[in-house]
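A.B. asks: The structure follows.
The values are calculated or read from the model by the stated rules, or taken from the named source; none is laboratory data. Keep in mind that what you see is a predicted model, and the values were worked out from it rather than measured. Heads up, the Cβs are rebuilt from the backbone with ideal geometry, glycines too, and the neighbour counts pull from every protein chain shown. SASA here: full protein model, heavy atoms, side chains in, ligands and nucleic acids out. Shrake-Rupley method; radii C 1.70, N 1.55, O 1.52, S 1.80 Å.
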Amino acid sequence: RKVREAILAVRIEQAYTKEHILELYLNEIFLGRRAYGVAAAALNYFGKGLDELTVAEAAYLAALPKAPNNYNPTLHPDRARDRRNWVIGRMEEDGRISEAEADEAQAQPLLSQPLPDLDPPGNGYFIEEVRRELIGKLGEAALYDGGLSIRTTLDSQLQRAADESLRAGLIAYDRRHGWRGPITHLEPGPDWASRLGGVEVETGMDAWRIAMVLTVEPLQAVIGFDDGSTGKVTMANMAWARPNLPEQVTGPSPKLPSDVVKPGDVIVVEQADEARPGSADYALRQIPKVNGAVVALDPHTGRVLALSGGFSFDKSQYDRATQAKRQPGSAFKPFVYATALDNGFTPSSLILDAPVAIDQGPGLGVWKPGNYSGHFYGPTTLRAGLELSRNLMTVRLAQFVGMDKVVATAKEFGVVDDIPPVLSMALGAGETTLMRLTTAYAMFVNGGRRIHPSLIDRAQDRDGHDILLVENRQCDNCRNIVWNGQEAPELPDLRASVISPQTAYQIVNILQGVVDRGTATRVKAVGHPLAGKTGTSNESKDTWFVGFAPDLAVGVFVGFDQPDSLGKHETGASAAAPIFRDIMTVALAGKAPLPFRVPPGLRLVRVDPKTGSIAEPGARGVIWEAFKPGTEPLDDDRPVLDLGRVDDPNAAHVPSTNQQGTTGLY
């Protein structure tokens, strides 16, 4: 082996200079703190580039190759300082520095910055998705052996808000549906602390702790931890713990701590919100069975700013934002209504909200969809149909326009790859992911331009060459120029159009009505112009809220991993919308309210949102409705779309807005 090494050394010296060999060596060796190479070590130890190091700092890095862990400045500060000073002395002996410089460098304290957290808590899903994307595009060899430098799209503040809001929303849902009982039960005894230490701790608890109930008193439960310390859980901090019953029903509210726990129960607790640090007051907790996901992205570029794929990455690496295909329910409806607006309908078109019965074919029976409320509302504007999420109106609209066109729209937006053109799909019976649905909604607010979600801005190899660059537009006047007050260069817009800007804005305007007057009014609390749509699948197995501000799109999903009902009264408005609201509250804090951008080619008319008629002067509660020129309502003789059964469901004709009478197609 030594002979082979000697031969290799000779060949290397024949190919490279000694300076180049040293450069290669110093850029590869391990120097502690996860740092490979002196440049990485300079950043990890001192937060500086190599050219910014002082003599003392450079000497310390030169001391590390012998044994990086033995000279760790945190664990062995004296040993590390002595080794550094020895290197400084050798530099003086070799004439690299003067005696005065050596004395000054040796007198300096050895200060290193805290070890940077390369995997900050909460970013696990985002980082894992980046890893998968890089492997898919570059391969494992390039990712793990290429010395890559990756710049991601992550917004750390927004990511923190997404993680915290999702976690709080899932906990809030879980508490609404009661207490499932203790983790386990241990018989009380003098060795309770050691036995509690042997209980397996469930992952995903973060700052929560497990404790054993020692005694139950009239107003509190005394608890103990595996280190022998004790605390208490007052009745106020366990009042939420009603018994969890089948079908997500809860029992009566507890009156006493004994209604919830008994001595020997092992429970999960968290220091109470109102407690001072170090206080013995704790609150009862339980890890939710329900799960969910959040995606936040820039609607103009597709840059994913935050991604949370579940309650806890430590507990489950399954990413519910990108890997889980679920039924969007009513969150799919905007694509039905966008298709209708592109085929002659207007926001003020009247559609009959009445029972629908559709023969599904031999042996399949009759399909009779219904509204969530169980009521029927007669002739109603298209706007109200989407704002209030009316199922029967949506079915009539999809049947008239043609489900093949609706499916084509959904595929154009990237919501689905393919679904059968059957009417149940108009109500969201197909399947999609949160990432795809949020990206599709973003295309409404960006004016109907296609975007592709990306978590990576750029990847460079060890030599600084771009090997993956998401921004591929060419700009000859953007590089190596001196700013002399000239106009900024204009970048070409290469995004394809998936729908007209006018139709896109009409949907945005209607979805803003969902927040202002419809099924998501609780989102109004943010205090900024927002738009979006709730979604709830059959039996409330999947709940959604996907929406946007002018420059930020956010999607939220809540549901069980094994699809099951969330409860009779749980909807996208109750389970998902509050999470969206909390994220937007943080994202838009301190920013001036920004209205949605109106493209040219539309006429804004004051109308009554309930009737769609042009508003009388002085009328209250009116809105500015967006119409394509020539489609504004001229009088109250608008036709009513009333479909029972249509012989030609792909018919594209829509009656003129000036035509009198009611259109009846049977």
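A.B. asks: Estimate the FRET efficiency between ASP51 and GLU23 by the formula 1/(1 + (r/R0)^6), using the beta-carbon distance for r and 22 Å for R0, to the nearest 0.05. The partial results should precede the final answer.
C.D. replies: Values: r = 15 Å, r/R0 = 0.66.
According to the calculation, E is roughly 0.90.
A.B. asks: Return the FRET efficiency for the residue pair ASP461, SER279: r is the Cβ-Cβ distance, R0 is 60 Å, and the value is rounded to the nearest 0.05.
C.D. replies: 0.70
A.B. asks: Can you tell me how much longer the chain between TRP86 and TRP624 gets when fully stretched, taken as 0.36 nm per residue apart minus their C-alpha distance, in nm with one decimal?
C.D. replies: That pair, TRP86 and TRP624, stretches by 185.9 nm at full extension.
A.B. asks: Using the 2.2 N^0.38 Å rule of thumb for compact globular proteins, work out how the stretch 292-367 stacks up: its C-alpha Rg over that value, please.
C.D. replies: 1.70
A.B. asks: Two decimals is fine: what's Rg over Rh for the stretch 164-284, C-alpha atoms, Kirkwood radius as Rh?
C.D. replies: With Rh from the inverse mean 1/r over Cα pairs, Rg/Rh is 0.95.
A.B. asks: Within the set LYS333/LYS411; LYS411/LYS568; LYS232/LYS541; LYS137/LYS333; LYS333/LYS628; LYS232/LYS255, which residue pairs have Cα atoms separated by over 25 Å? Numbers along the way, then the final one.
C.D. replies: Details: LYS333/LYS411 14 Å; LYS411/LYS568 32 Å; LYS232/LYS541 37 Å; LYS137/LYS333 34 Å; LYS333/LYS628 21 Å; LYS232/LYS255 17 Å.
Too far apart for the 25 Å limit: LYS411/LYS568; LYS232/LYS541; LYS137/LYS333.
A.B. asks: Between VAL586 and ALA172, what is the label-point separation in nm under the 7 Å Cα-to-beta-carbon projection?
C.D. replies: Here the answer is 1.3 nm between the modelled labels.
A.B. asks: Can I ask one more? Between PHE30 and THR230, how high is the FRET efficiency from 1/(1 + (r/R0)^6) when r is the Cβ-Cβ distance and R₀ = 45 Å? Nearest 0.05.
C.D. replies: 0.50
A.B. asks: Quick one: plug the Kirkwood hydrodynamic radius of the chain (C-alpha pairs) into Stokes-Einstein at 20 °C, 1.002 mPa s, and report D in µm²/s. Could you put the intermediate results ahead of the total?
C.D. replies: Values: Rh = 29.5 Å.
The Stokes-Einstein estimate is 73 µm²/s.
A.B. asks: At 7 Å along the Cα-to-beta-carbon direction for both ILE135 and VAL422, put a label point, then send me their distance in nm to one decimal.
C.D. replies: With each label point 7 Å from Cα toward Cβ, the separation is 3.6 nm.
A.B. asks: Here's a follow-up. Once you compute Rg and the Kirkwood Rh from C-alpha atoms, what is the Rg to Rh ratio for the stretch 41-168?
C.D. replies: Reported Rg/Rh (Cα atoms, Kirkwood Rh): 1.13.
A.B. asks: With +1 on the Cβ of every Lys and Arg and -1 on the Cβ of every Asp and Glu, and nothing else charged, how large is the dipole of the chain about its Cα centre, in debye rounded to the nearest 20?
C.D. replies: Numbers: 69 positive and 82 negative charges, 257 e Å.
Once rounded to the nearest 20, the dipole reads 1240 debye.
A.B. asks: Also, I was wondering about something else. At 1.4 Å probe size, with every protein chain present, just tell me what the per residue accessible area of the chain comes to in Å².
C.D. replies: That works out to 50 Å² per residue.
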